[in-house]
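The values are calculated or read from the model by the stated rules, or taken from the named source; none is laboratory data. For clarity, every value in this text was computed on a predicted model and none was experimentally measured. Every residue, glycine among them, receives a Cβ derived from its backbone with ideal geometry; neighbour counts consider all protein chains shown. Quick note on the areas: whole protein, heavy atoms, side chains included, nothing else; ligands and nucleic acids left out. Shrake-Rupley method; radii C 1.70, N 1.55, O 1.52, S 1.80 Å.
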Amino acid sequence: QVRLVESGGGLVQPGGSLRLSCLASATIFRFYDMGWYRQAPGKQRELVAAITGRSITNYADSVKGRFTISRDNDKNTVYLQMNSLKPEDAAVYYCNAGGSSSDYWGRGTQVIVSS
């Protein structure tokens, strides 16, 4: 069983930055592929960024060059550094362990991008 708790969301102006964190309960965290997904109102949940257990990363085209996913296996934590935020980045961001078909999701943290 893996429990995921996100933090770091909030209100930011366009062009601003936020760092999301996801703390995982699993003692074998280092072996899990981790991902950040987001869901805006009226839209499907989409993959934002993913990182494998060996720290190979993958990004949605819409965030490449602006967002960075990273992980600290000693702290059981995965991060999403979000820079140059745009209004279209506003969504609830969810942490995932094991891929989109897994049952391991956090409850989400909301990101609002508005002036």
*With label points built 7 Å along Cα→Cβ from the Cα atoms of LYS75 and ARG19, find their separation and express it in nm.*
0.7 nm
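What does the charge dipole of the chain about its Cα centre add up to, to the nearest 20 debye, if the Cβ of each Lys and Arg holds +1 and the Cβ of each Asp and Glu holds -1? Provide the component values of the computation, followed by the final result.
Working: 13 positive and 9 negative charges, 15 e Å.
My answer is approximately 80 debye.
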*Using a Förster distance of 25 angstrom, determine the FRET efficiency expected from the C-beta separation of SER7 and THR57, and round it to 0.05.*
0.75
_Cα-projected label distance for ASN83 with SER115, points at 7 Å along beta-carbon direction, nm_ = 2.2 nm
*State in Å² the accessible area per residue of the range 1-102; use a 1.4 Å probe, count heavy atoms of protein chains only, and round to the nearest integer.*
54 Å²
*If you average the sequence gap of Cα pairs under 8 Å that are 6 or more apart and divide by the length of the chain, what percent do you get for the contact order?*
37 percent
_Tell me the carbon and sulfur percent of the accessible area for the range 1-48, rounded to whole percent, probe radius 1.4 Å._
50 percent
